[in-house]
1. Tell me, which strands (runs of 3 or more DSSP E) lie completely within region B:193-302 with 3 or more residues that are on the phi < 0 side of the Ramachandran plot and surrounded by fewer than 21 Cβ atoms within 10 Å (Cβ to Cβ)?
2. Out of region B:24-44, which residues are crowded, with 21+ Cβ neighbours inside 10 Å, in contact (Cβ under 8 Å) with a residue 60 or more places away in the chain and more than 7 Å from chain A (Cβ to nearest Cβ)?
3. Does B:Pro151 qualify as being over 26 Å from B:Ala120 (Cβ atoms), under 14 Å from the mean Cα position of the chain (by Cα), open to solvent by less than 30 Å² (accessible area, probe 1.4 Å) and not charged (D, E, K, R)?
4. What number goes with the only condition from (1) surrounded by fewer than 22 Cβ atoms within 10 Å (Cβ to Cβ); (2) on the phi < 0 side of the Ramachandran plot; (3) touching a helix residue (DSSP H, G or I) at 6+ places or on another chain (Cβ under 8 Å) that A:Gly163 does not pass?
5. Would you say A:Ala211 is under 30 Å from B:Val20 (Cβ atoms) and either in a strand (DSSP E or B) or open to solvent by less than 30 Å² (accessible area, probe 1.4 Å) (or both)?
6. Looking only at region A:15-26, count every residue that is open to solvent by 20 Å² or more (accessible area, probe 1.4 Å) and in contact with a strand residue (DSSP E or B) (Cβ under 8 Å, 6 or more places away or on another chain) and tell me the total.
7. Among the residues in region B:74-85, are any of a type in the set (Lys, Arg) and in contact (Cβ under 8 Å) with a residue 24 or more places away in the chain?
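The values are calculated or read from the model by the stated rules, or taken from the named source; none is laboratory data. Since the model is a prediction, treat every value here as computed from it, not as a measurement. When we count neighbours, we look across all protein chains shown, and the Cβ atoms used for this are built from the backbone with ideal geometry, even at glycine. For accessibility, only protein heavy atoms count, side chains too; no ligands or nucleic acids. Shrake-Rupley method; radii C 1.70, N 1.55, O 1.52, S 1.80 Å.
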Amino acid sequence: MLQFDAQILGNRELAPGWKELVLRWNGAAGHPHAGEFLTLRVSSALDPLLRRPFAFASFHEDPDGASRAGILYQVRGKATRILADLGTGAFVDVLGPLGRGFPDAAQLEAEGSRPLLVAGGVGLGPILFLAAQLEAARIPASAAGPALIVAGFRNSAAIPRAGFPAGTVTCTDDGSSGYRGTVLDYLSRELPPGNWRLMACGPAPMLAAVATLARARSWEASLCAEQWMACGVGACMGCALPVPGGASFLRACVDGPVFGRDDIDWGKEGGGR
Amino acid sequence: MNIDPRVRIGPLVLSNPVGVASGTFGYGAEYEGLMDLGRLGAIYTKAVTLEARAGNDAPRIVETPAGMLNSIGLANPGLEAFVARKLPELRRLSTSVIVNVAGSSEADYLRVVEALEEAAGPWSPRSGAGGATGQEGATGVDGYEINVSCPNVAHGGLAFGTDPAQVERLTRSLRAATRRALIVKLTPNVADIVPIAKAAEAGGADAISCINTLVGMVIDTRTKRPALARGTGGLSGPAIRPVGVACVWKASRAVGIPVIGLGGIMCADDALQYLLAGASAVQVGTATFVDPRAALKTLEGILAWMEGEGLAGIGDIGALFGRS
């Protein structure tokens with residue numbers, strides 16, 4: 001974890017409202033892992049005030065030893081509109097890597113199950129990063145079968161040109177591209193039987209639905225939550241998510257954002273967005 | 001000119017006037033990798049209550065124009081876990097530690113302070129004097145900040161802080177329990193902060209800190225419901241700074257004990273407004289979320305400004321108020 005000013009290497013549009021930001025990474029901060037995140041201060045003005053969290057979508061080390069980190073984001077509010085206008089060469093205040101990510105390749109290999117990677121909307125970034133990390137670790141070869149990626153979008157216009165791995169199943173609510181229906185429709189109706197191991201990131205209702213499905217099918221599952229947060233380092237207690245039974249909370253920023261299937265009451269996640 | 005940045009709060013000498021506010025800095029360890037904690041004047045911990053508190057339902061925070069609204073609900077591991085897990089970490093820090101204490105009743109506050117006195121052991125000015133903590137003699141508790149101003153709990157909190165008689169009685173009973181610095185944190189959610197400030201002084205407080213957050217609400221017009229699960233929350237950030245400066249200006253003229261100013265300090269200029277208004281020290285809160293190094297940058301800016309003004313001590317700043 002490090003706070004530093006990162007130079008913007010790219011900030012291109014992937015689809016209307018979707019952008020990819022690539023930053024020159026400071027190696028002293030450490031290598032990010034899929035599911036971990038960074039926070040950005042998009043402007044030194046007082047409004048918007050707070051840093052914004054974004055999950056890593058890519059990380060590359062160049063032959064010269066320099067490294068690059070990418071995020072995918074949707075332009076949805078004040079802060080992301082400012083971010084969208086930042087040009088190559090500009091600097092942005094970065095804090096990261098933060099949080100606990102998805103199980104690493106060694107753990108998945110030990111489990112011997114087949115990775116099932118599910119993304120909804122802006123949850124695509126960390127899922128593509130996870131797919132790339134599993135590919136690099138040659139997990140598909142040693143696991144029960146190649147990783148399957150299932151990604152859901154509203155319609156074909158909302159699908160970013162983000163370099164999906166071959167074999168990715170895209171789902172659209174209106175059927176304008178790929179499978180017609182939600183990722184949950186696909187998983188519950190079309191997924192071939194197998195020794196699946198679910199890893200997912202997306203909106204709260206999607207996570208609640210896939211957590212329920214994972215329990216019903218007895219899949220191990222790791223789910224990456226989204227929650228408003230102020231500090232990102234475990235101090236403010238703002239990003240609380242309820243545990244089942246409601247007696248306590250876990251912090252998305254340091255206890256997660258990736259949690260086990262039964263760690264969080266996904267149906268009552270409340271405020272996840 | 002040599003600047004002496006130290007500040008005296010009752011028996012305690014802080015190494016400099018800039019601390020980090022309760023609720024924004026955890027118990028210190030959260031930010032340890034991001035800055036040199038030893039350069040802070042003080043760490044005001046997240047509130048400690050007698051029993052563990054899970055806190056309020058989510059969502060707990062929402063951003064507002066130049067501010068944020070929170071309803072955390074004093075989430076904390078409780079006295080026992082604080083003593084077992086946090087106190088040993090705090091003892092290692094080379095900065096003054098002020099433990100923020102909250103409760104639902106007078107007895108709650110007293111039991112927390114008594115238990116911390118017992119756990120931390122005897123305190124002498126030497127163990128707390130600027131720079132001596134974190135070394136031999138550090139107890140992990142150099143003082144208490146009594147939170148009678150949390151707007152986000154059903155019992156206690158704000159209910160105490162708006163009644164001068166209750167503030168005086170509570171302060172007096174805690175005063176009898178400790179020789180450590182005793183600071184009472186006041187709410188701006190009153191018609192006049194002066195009677196409350198005077199009550200804390202009469203009860204034997206070494207200082208008052210003001211202000212805690214202002215009660216506010218954000219409504220999501222899409223869902224027609226409050227953005228926070230609990231409805232209202234406490235407003236913090238630069239939007240409330242003028243309210244805090246006015247409270248400090250009023251309170252510091254009404255009491256003889258030091259006033260610690262907080263509320264929306266983002267930079268040295270903001271902190272200097274508080275010091276000019278009569279504060280003896282300041283706390284940086286929400287700004288730490290925005291920039292973890294905000295408190296340290298604020299300190300550097302204050303010292304640079306003092307050098308430019310030819311001032312030797314923090315106490316000289318307030319004397320300049322009203323002069324050009």
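1. Result: B:214-217.
2. B:Tyr27, B:Gly28, B:Leu40, B:Gly41, B:Ala42, B:Tyr44
3. no
4. (2)
5. no
6. So the count comes out to 6.
7. No, every residue in region B:74-85 fails to be of a type in the set (Lys, Arg) and in contact (Cβ under 8 Å) with a residue 24 or more places away in the chain.
Here's the yes/no breakdown for (1) more than 10 Å from chain B (Cβ to nearest Cβ); (2) open to solvent by less than 10 Å² (accessible area, probe 1.4 Å); (3) aromatic (Phe, Trp, Tyr):
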site	(1), (2), (3)
A:Leu198	yes, yes, no
A:Ala204	yes, no, no
A:Cys224	yes, yes, no
A:Gly232	no, yes, no
A:Ala235	no, yes, no
A:Ala240	no, yes, no
A:Gly245	yes, no, no
A:Ser248	no, no, no
A:Asp263	yes, no, no
